[in-house]
Amino acid sequence: MAKDLVCNMDVDEKTAKYKTIYQGKYYYFCAPGCKKSFEANPQKYISGNSSPHNCN
Amino acid sequence: MSQEKNKKITLNIGGMSCINCAHTIEKELAKLKGVTQATVNLAAEQALIVYNPDLITQKTIENVITDSGYHVIHEKIVLQIGGMSCVNCAKTIEKALGNREGIYNAVVNFAAESVSVEYNPQQISLLSIKKTILDSGYQVIEQQQKTHEGTAGEERKRHIRHLKILLATSVALTIPILVLMWLSPLPMEQNNILMFLLATPVQFIVGWTFYVGTYKGLRNKTTNMDTLIAMGTSTAWIYSTIVTFAPNVFPGAGVFFDTATMIMSFILLGKLLDAVAKGRTSEAIRKIMGLQAKTARVIRNSEEQEIPIEDVQVGEIIVVRPGEKIPVDGTVTEGYSAVDEKVITGESIPVEKRISDQVIGATINKTGMLKFKATKVGKDTVLAQIISMVEDALTSKAPIQRLADIASGYFVPAIIITATLSALIWYFIVGASFIFSLTVFIAVLIVACPCALGLATPTAIMVGVGKGAENGILIKNGEALEATYKLQTVVFDKTGTLTKGEPEVTDLIPNGTFNEDQLLQLAGITEKNSEHPLGAAILKRAKEKGIQIDEPDVFNALPGYGVEVEHKGTKILLGNRKLMEANNLDISVLEGKMSVLEKEGKTAMLLAVDNQFAGLIAVADTLKEHSADAVKTLQQMGFEVIMITGDNQRTAKAIAAQVGVNRVFAEVLPSEKATEIKKLQAEGKVVAMVGDGINDAPALAQANIGIAVGSGSDVAIETGDIVLIKNDLRDVVVAIQLSRATMKKIRQNLFWAFFYNIILVPLAAGAFYPIIHVLFNPVYAAAAMASSSVTVVTNASLLRRFKPKI
């Protein structure tokens with residue numbers, strides 16, 4: 001299981017519909033909103049200093 | 001400050017969108033010293049300003065409005081003028097109009113017999129402009145825009161007919177005078193009286209036009225060619241009349257009535273030939289103005305109605321049958337046909353038109369019935385814009401003409417002084433006979449030809465601009481024409497100018513068991529929903545090959561890497577090397593080919609299906625068909641050709657190599673293109689910039705010659721000094737060659753006009769008499785003078801034979 005770094009939900013990397021690549025590594029998301037937020041500011045989510053919030 | 005001193009003006013203001021704009025203008029105006037009241041009416045888009053003209057000028061007020069981001073609307077009108085006999089008349093009209101309040105600018109085109117007036121309709125009405133022209137002694141030929149060709153043509157024909165009658169009368173009376181003069185069949189006294197009877201009607205009936213012209217000139221405190229002719233012939237007539245009736249005043253002297261009438265005949269012949277030749281120079285332009293269709297068939301209340309073209313509204317559906325002219329610009333809504341666009345673009349092969357294609361007014365529908373929605377009517381159509389541009393071009397003056405203008409301003413007084421001084425010197429200092437001195441006086445007046453000076457530039461510009469317009473090349477001003485003579489460097493924008501501006505699939509290299517069609521299909525699925533231009537290139541190629549493209553089930557754009565989709569359980573990846581690396585795919589089998597493609601400036605995309613490397617697809621923006629030809633010809637003509645682009649060095653160099661350009665400015669932001677042009681100019685170069693006229697507008701404006709390349713109805717007519725309607729770069733070459741040919745004509749004409757006067761005026765003054773012992777007969781002077789302006793006009797009309805070399 002992978003983690004959606006934006007909302008901290010667990011997502012299955014095999015079935016995840018939303019993903020992106022950052023610095024050569026895949027990241028998986030539960031919804032398009034999370035993907036968008038991540039792509040807008042990936043560093044913020046990778047370093048993990050964001051307060052988790054729900055995806056809409 | 002007394003109230004009487006204040007002036008009140010109303011200006012039409014453009015560019016205001018809200019009440020705030022109105023307040024801004026009011027505030028700015030109120031700050032000005034000398035402005036006592038400023039009220040801006042947003043709805044009427046007008047400003048009412050009360051000011052003290054001693055403290056501030058109207059120009060300053062208008063500048064302040066412009067500086068605050070709005071503009072004062074000036075009306076512009078072109079009026080056809082009748083009765084101008086020479087270039088000095090043009091000056092008279094310009095002066096008279098220039099003195100009127102509310103007129104910003106008035107430029108007369110002598111060759112086209114028109115005046116272009118820029119004015120403030122709030123201060124001066126069209127009626128008073130016309131009255132000003134009438135008062136200065138000329139006619140305004142009333143006409144409506146749409147019948148431009150008809151009225152102007154008729155007026156020209158009427159003028160020619162009038163000249164023919166005068167000439168015939170003059171010749172018919174001159175022949176018996178010559179017989180009487182040479183054979184002297186009667187005793188001298190009767191012989192002289194008979195000649196007087198024949199010569200007098202020529203002098204005062206046929207020659208009336210010269211007296212009228214002189215009078216008009218004097219009333220405006222100017223002199224013109226008519227003054228010279230009236231003075232010269234009158235002198236001969238008065239002298240001969242005195243000899244006839246008071247033989248004792250000049251004992252033993254003979255009459256020379258023949259001189260006066262022959263001068264008259266030659267001058268009239270010259271005027272006639274001039275008028276005919278002038279008609280020929282404006283032929284191309286009149287042709288363009290006559291292109292407009294007169295009626296349109298529109299669908300109203302679901303019925304076809306034939307209506308005048310002026311009544312067509314934007315959005316109406318218009319029906320055009322095969323063989324008919326398309327009346328206005330629009331978009332095809334129904335039907336399929338081939339349209340002959342030669343009249344607008346110069347392209348001789350008909351263009352196919354389908355639904356949603358653009359059609360241009362004045363082009364001819366050839367094969368099928370078309371229905372289209374009008375998008376541009378009236379003044380907005382491509383044709384109307386071309387016409388107004390051509391009209392502007394005709395009134396613009398090449399800087400080289402200024403010299404001639406200055407010269408012709410002093411010309412006539414200088415000639416009168418020269419004639420008088422020469423005659424006085426011969427009579428009093430050299431001690432020549434009275435008749436000798438008189439002959440010198442008349443010959444100098446008659447031989448001088450200010451007309452050739454005035455006609456040199458406008459006639460050549462008229463033919464050059466007309467010839468260009470016939471070929472889809474719109475030359476907008478005289479400055480650009482002149483700059484082509486010193487042109488050294490031609491800069492081309494890359495994307496959309498040298499290249500088609502949209503990428504195409506150039507290479508398909510499958511790997512393993514995959515084939516080309518599979519590669520296209522799989523790549524097509526990944527790009528089905530993409531808005532990326534590279535994706536569009538793949539889909540376009542797939543469509544051309546008739547390959548069906550499905551929608552993917554899952555789509556993920558991976559910024560900076562590519563795309564990943566799922567389709568019927570298959571995972572497809574399309575992207576760059578990094579995407580393959582992130583998926584641990586080995587692409588080394590095609591690595592060599594890929595770097596070759598990249599060196600060629602292409603973008604290579606890698607495709608993987610279910611973690612198997614399937615091959616690569618290369619996409620590139622390709623050259624337009626004739627770009628390389630155009631570049632090569634320009635280089636052969638001796639120009640340095642430069643390419644400018646925002647692309648990276650590698651891609652830029654690859655395209656430059658293909659098109660044959662040696663010098664490349666790569667990675668230049670659109671906003672920096674003008675700076676690069678400026679740098680070239682700082683190297684001392686005269687630069688032409690070729691671009692699309694929209695993104696490249698600042699660079700086009702910065703260049704000495706801005707050449708905007710358009711395509712059909714999308715022409716950005718406002719930008720650029722030269723606009724190419726066809727999307728064919730060989731027209732850059734044609735435009736430069738045509739401009740140079742036009743300039744060459746102007747120079748030849750000006751040289752001829754100056755040279756002629758410089759040689760013949762001293763000859764007529766008898767300066768060479770001590771060497772050649774022959775005095776210039778005033779009759780030959782008339783013949784020379786008549787042929788001089790005809791030569792200039794005919795030389796200009798030879799430009800009609802211009803053929804581009806490419």
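Computed quantities for the displayed model
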quantity: Projected area, mean over directions - the stretch B:593-637, Cα convex hull, nm²; calculated: 4.2 nm²
quantity: On Cα atoms only, tilt of B:673-682 relative to the major axis of chain B in degrees; calculated: 50 degrees
quantity: Residues of the stretch B:598-619 with amide N under 12 Å of the 7 Å Cα→Cβ point at residue B:577; calculated: B:598-599, B:604
quantity: Only Lys, Arg (+1) and Asp, Glu (-1) charged, at Cβ; the stretch B:272-412 dipole about Cα centre in debye; calculated: 240 debye
quantity: Mean Cα-pair separation over length for chain B, i.e. relative contact order, pairs under 8 Å, 6 or more apart, %; calculated: 12 percent
quantity: All Cα pairs of the stretch B:540-653, percent lying beyond 20 Å; calculated: 57 percent
quantity: Hydrodynamic radius of the stretch B:214-307 per Kirkwood, over alpha carbon pairs, in Å; calculated: 18.5 Å
quantity: Cα centroid of the stretch B:509-543 to Cα centroid of the stretch B:635-655, whole Å; calculated: 30 Å
quantity: Summed side-chain charge close to residue B:640 - residues other than residue B:640 whose Cβ falls under 10 Å, Lys, Arg +1, Asp, Glu -1; calculated: +2
quantity: Exposed GluC sites (Glu not before Pro) absent - longest run of chain B, DSSP non-H/G/I/E/B, at most 14 other C-beta within 10 Å; calculated: B:143-530
quantity: Euclidean distance of C-alpha centroids, the stretch B:380-458 and the stretch B:28-79, integer Å; calculated: 40 Å
quantity: Rg to Rh, two decimals, where the stretch B:174-222 supplies the alpha carbon set and Rh follows Kirkwood; calculated: 1.24
quantity: Proxy reagent accessibility, fewest Cβ within 10 Å first, across B:492, B:257, B:266; calculated: B:266, B:492, B:257
quantity: Over the protein assembly as shown: helical MRE at 222 nm, DSSP H runs n ≥ 4 each giving -39500 (n - 2.57), nearest 500; calculated: -15000 deg cm²/dmol
quantity: Cβ-based exposure ranking for A:4, B:550, in which fewest neighbours within 10 Å come first; calculated: B:550, A:4
quantity: Normalised convex hull volume, chain B, alpha-carbon set, Å³ per residue; calculated: 236 Å³
quantity: Cβ-Cβ FRET estimate between residue B:50 and residue B:500, R0 fixed at 56 Å, reported to 0.05; calculated: 0.45
quantity: Net charge of Cβ neighbours under 12 Å - reference residue B:76; Lys, Arg +1; Asp, Glu -1; calculated: -3
quantity: Inter-label distance, nm, simple model (7 Å from Cα along the C-beta direction), residue B:434/residue B:759; calculated: 3.5 nm
quantity: Theoretical gain in end-to-end length, residue B:800 to residue B:307 [0.36 nm per residue, Cα-Cα removed]; calculated: 173.8 nm
quantity: 0 to 90° range, to nearest 10: angle between helix B:778-797 axis and chain B longest Cα axis; calculated: 10 degrees
quantity: Trypsin sites (Lys or Arg not before Pro) restricted to the stretch B:725-806 and DSSP loop, no more than 16 other C-beta within 10 Å; calculated: B:805
quantity: Helix B:730-764 axis, angle to chain B major axis (alpha carbon atoms, nearest 10°); calculated: 10 degrees
quantity: Debye equation applied to the C-alpha atoms of the stretch B:352-489, log10 I(q)/I(0) at 0.15, 0.16 Å⁻¹; calculated: -0.88, -0.93
quantity: Rg over Rh [alpha-carbon atoms, Kirkwood Rh] for the protein assembly as shown; calculated: 1.12
quantity: Reach of residue B:76 by Cα under 16 Å, taken over lysines that are not fewer than 8 positions away in the same chain; calculated: B:130, B:379
quantity: Residue order, fewest to most beta carbons within 10 Å, for B:690, B:412; calculated: B:412, B:690
quantity: Unsatisfied cross-links (Cα-Cα over 25 Å) in the set B:59/B:673; B:528/B:726; B:653/B:678; B:467/B:673; B:685/B:803; B:500/B:744; calculated: B:59/B:673; B:528/B:726; B:467/B:673; B:685/B:803; B:500/B:744
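Where a number appears in this text, it was derived from the coordinates with a stated rule and is not lab data. Just so you know, these numbers come straight off a predicted model, no measurement behind them. FYI the Cβ positions are ideal-geometry reconstructions off the backbone, even for glycines, and counts take in every protein chain you see.
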